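Data block below; observations after.
The numbers here are math on the coordinates, done by the rules we state, and not lab data. These numbers come from a predicted model, not from an experiment. Here the Cβ is made from the backbone with ideal geometry for all residues, glycine too, and neighbour counts use every protein chain on show.
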Amino acid sequence: MPIFDDELKGLRDKVLKLGYMVENAIRDSVKALVERDSELAKDVIRRDHLINALDVGIDEECVRLIALRQPKAGDLRLITTTMKITTDLERMGDMAVNIAERALELNEEPQLKPFVNIPKMAEAAQSMVRDSLDAFVTGCSRLPYEVIKRDDEVDELTVRNFEELLSLMIQDPKIIPLAIKRTYIAKYLERIADHATNIAEMIIYMCKGKMIRHTEITEDQP
Amino acid sequence: MVDDGNIFEIKDFSIYYGDFMAVKNVRLDVRSGRITAIIGPSGCGKSTLLRSLNRMNDLIISSRVEGQVLFQGVDIYHRDTDVIELRRRVGMVFQKPNPFPSSVYENVAYGPKIRGVKKKSQLDEIVENALVRADLWKEVKDKLNESGLSLSGGQMQRLCIARSLAQEPEVLLFDEPTSALDPISTANIENLLQELQKTVTIIIVTHNMQQAARISNYTAFMYLGEMIEFGDTDTIFVNPYNKLTEEYITGRFG
């Protein structure tokens, strides 16, 4: 394998590793919340620096490849896409830390009600991260378009979650501090889904050379 | 130069060396006042195509052409074409700097003299003007009578450009003009091409893809005598249409 192909493969592997770490952080932060496991929440917060370090490492590698290999065409789009999506992944990691912090606070209080919407949102957001990274590796397919569509489901769940909590708050203002923290968590998950959408949009750029960010997607064929 | 459409229109144009078809049915429009780069692996026909634009190929006995090359709308392969005049209007600069073995001044004054300019003051003006445009005047104004061959490689190449400019060409053809030069001389020539583009249409054949990317407005990719892809340089280097182009510019060819 030519050196450059080898280096690009190494770069892809690192992005996948970062994606895997972020996905785990999201899953564990929500698990720490739902199962009231504060040790797990602390673990998510402790592990965040590994995500940050890998993000920085990938950026440095991209800059090195641009300087030394002068990538063009598909290679260039792969590297620029990598630089953008690792930023999104790193931000998702921060959101998982925020969820873990809220979990630590909520775990100190009596449980308001069982979690219904939030696990669903977490599952959808995680699958969006997973599928967008699958698309990053497998290249052009329908997957990134499906990820973008799934963002609407998460948005709907966010609204539903808020409305349910709002009616509880109206009935019993004493629960407002707890309910607000729950709406924060839903907001974090909604942001995670937005970042996954950004990634999917960049994958489409990587495949087709066409920027679809900030446009209405009319075409969903790979 | 104001962009006023296509200065060259190459139509179903083929070039043969004996039985060998070096350029195959090429279609290409060259925009006036722009830099067009032709890239492709060795033997793809890019230099042959370039040389055909001012009929330098005529000098190769076995060569013949089919199709048309329109320069300002006129077929340059028509039998009434004044080839000497064509080569004045479409100048050429080669890979290796090739000044005449005479003084800096004589190198630049040669063309105008042949053309019939006799007055010393007029020749002086043409020489100075051409050397200024070639960004060489400051370096040679005190040694105009020294041999052109005493200059550095980069200076010699700019002398050759000045020699072409003294003929007031509308187009300059460059065949690998920096491949024998160091990076600083290369940068000087590239800056010069950007500057010249304002007054002369430039077509450049280069093996250096970064050079094509840096200086050209349009890029043509040739392979095995065929024009595989032609387009905006931005598009060719970011999102080429053809798989062969992609393989070539990303270095995964063959």
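Key figures
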| quantity | calculated |
| --- | --- |
| Residue exposure sequence - A:V56, B:V140 - by fewest surrounding Cβ within 10 Å | A:V56, B:V140 |
| Over chain A: helical MRE at 222 nm, DSSP H runs n ≥ 4 each giving -39500 (n - 2.57), nearest 500 | -30000 deg cm²/dmol |
| Two-site FRET efficiency, B:D234 against B:M21, from Cβ-Cβ distance with R₀ of 35 Å, rounded to 0.05 | 0.65 |
| Sparsely packed trypsin sites (Lys or Arg not before Pro) within region B:149-225, loop by DSSP, other Cβ within 10 Å at most 10 | B:K198 |
| Farthest toward positive dipole pole in region B:6-249 [+1 Lys/Arg, -1 Asp/Glu at C-beta], among B:V26, B:F221, B:Y16 | B:Y16 |
| Percent RCO, i.e. relative contact order, over region A:3-208, from Cα pairs under 8 Å lying at least 6 residues apart | 29 percent |
| Distant-in-sequence amide H partners of B:M222 (H built 1.01 Å from N, under 5 Å) | B:I39, B:G40, B:I228 |
| Three-way shape label, region B:14-120, alpha-carbon gyration tensor, a/c 1.5 | prolate |
| Distance (nanometres) between label positions extended 7 Å along Cα→Cβ at A:K42 and A:E216 | 5.2 nm |
| Cβ-derived FRET efficiency at R0 60 Å, A:K9 paired with A:L166, nearest 0.05 | 0.75 |
| Isolated Cys in chain A, by beta carbon distance under 4.7 Å | A:C62 |
| Computed [θ] at 222 nm, deg cm²/dmol, chain B (DSSP H ≥ 4; -39,500 (n - 2.57); rounded to nearest 500) | -10000 deg cm²/dmol |
| Other protein chain Cβ atoms within 10 Å, averaged over every residue that makes up A:74-80 | 3 |
| Lysine pairs meeting the criterion (Cα under 19 Å, 8 or more apart or interchain), as found in chain B | 6 |
| Radius of gyration, Dmax [the protein assembly as shown; alpha carbons; angstrom] | 31.9, 104 |
| Modelled FRET efficiency - R0 35 Å, A:Q111 with A:E146, Cβ distances, 0.05 increments | 0.55 |
| Shielding by partners, peptide B:245-252 (average Cβ within 10 angstrom, other chains) | 5 |
| Positive-end residue of A:A41, A:Y20, B:F253, charge dipole of the protein assembly as shown with Cβ unit charges | B:F253 |
| DSSP bridge orientation in the protein assembly as shown - percent antiparallel, rounded to nearest 5 | 60 percent |
| Neighbour-count order for B:S62, A:S127, B:S216, fewest beta carbons within 10 angstrom listed first | B:S62, A:S127, B:S216 |
| Alpha-carbon radius of gyration plus Dmax, which is the widest Cα pair, for chain B in Å | 18.2, 57 |
| Cα-centred dipole magnitude for region B:6-249, charges only on beta-carbon of K, R (+1) and D, E (-1), debye, nearest 20 | 620 debye |
| DSSP beta bridge pairing in region B:6-249, given as percent antiparallel to the nearest 5 | 60 percent |
| Shielding score for A:66-73, defined as the mean number of other chain Cβ atoms within 10 Å | 5 |
| Point-charge dipole on Cβ atoms (K/R +1, D/E -1) for chain A, about Cα centre, debye to 20 | 260 debye |
| Among A:L54, A:Q171, A:S127 - extreme Cα towards positive end, dipole of chain A, charges at beta-carbon | A:L54 |
